[in-house]
Each structure stands twice: as C-alpha cells, then as structure tokens.
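**Student:** First the structure, which I've put down as structure tokens, then a few questions once you've had a look.
Just so you know, all these numbers are worked out from the coordinates, no wet-lab data involved. All of these numbers come straight from a predicted model, not from anything done at the bench. Every residue, glycine as well, gets a Cβ built from its backbone with ideal geometry; the counts of neighbours run over all protein chains shown.
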C-alpha cells in the first residue's frame with residue numbers, strides 16, 4: 001500500500017466518522033418519537049446507530065469515492 005492509498009483511506013475514514021453523527025442522531029430522534037426509550041438505554045441506542053452508520057459508510061463509501069475528486 002503506497003502513501004497515496006494510506007492518505008485516501010485516512011481522509012475518507014475521517015469524513016465518515018465526522019459525518020455519521022447527525023444522521024445517527026436524527027434516526028434515534030425519529031425512533032424515540034414512536035417508541036419511548038429510557039435515558040439508561042438512549043446512549044446505547046445512539047452509539048449503536050452511529051456504529052451502524054459508520055460501518056455501512058466505510059463498507060460502501062470508500063470503494064465508490066476512489067478516483068473522484
């Protein structure tokens with residue numbers, strides 16, 4: 001793996017980690033409008049949703065952004 005690939009993967013990973021928080025928060029907020037979640041489990045719901053968004057972002061976004069500037 002050359003320096004160009006390392007730089008690309010670090011940049012896209014930071015992009016995904018930074019931009020997954022808002023959709024995760026909005027998703028959990030939408031879910032809490034229909035289903036009441038106790039404060040004890042609300043943090044776990046946010047974290048789980050954030051991890052799901054990051055996983056799918058890393059899984060599908062990194063290969064698709066290759067070659068686009």
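**Student:** Given the options 49, 32, 13, state which has the largest fluctuation in a GNM of the chain using a 10 Å cut-off (strictly under) for Cα springs.
**Tutor:** Ranking 49, 32, 13 by mean-square fluctuation puts 32 first.
**Student:** Ok, one more. Of 45, 24, 11, which has the largest mean-square fluctuation in a 10 Å C-alpha GNM of the chain?
**Tutor:** Maximum fluctuation in the GNM of the chain, among the listed residues, is at 11.
**Student:** Rounded to the nearest 0.05, what FRET efficiency do residue 39 and residue 60 have when you use their Cβ-Cβ distance and R0 = 25 Å?
**Tutor:** With a Förster radius of 25 Å, E is 0.15.
**Student:** For the chain, modelled as a Gaussian network with Cα springs under 10 Å, which listed residue fluctuates most, 54, 35, 12?
**Tutor:** In this elastic network of the chain, the residue with the biggest mean-square fluctuation among 54, 35, 12 is 35.
**Student:** Compute the separation of the alpha-carbon centres of segment 42-58 and segment 9-34 and state it in Å as a whole number.
**Tutor:** 7 Å
**Student:** Right, another one. Once the convex hull of the C-alpha atoms of segment 3-65 is built, how many Å³ does it hold per residue, rounded to a whole number? Can you show the working numbers first?
**Tutor:** Working: hull volume 4.7 nm³, N = 63.
Taking only Cα atoms, segment 3-65 has a hull volume of 75 Å³ per residue.
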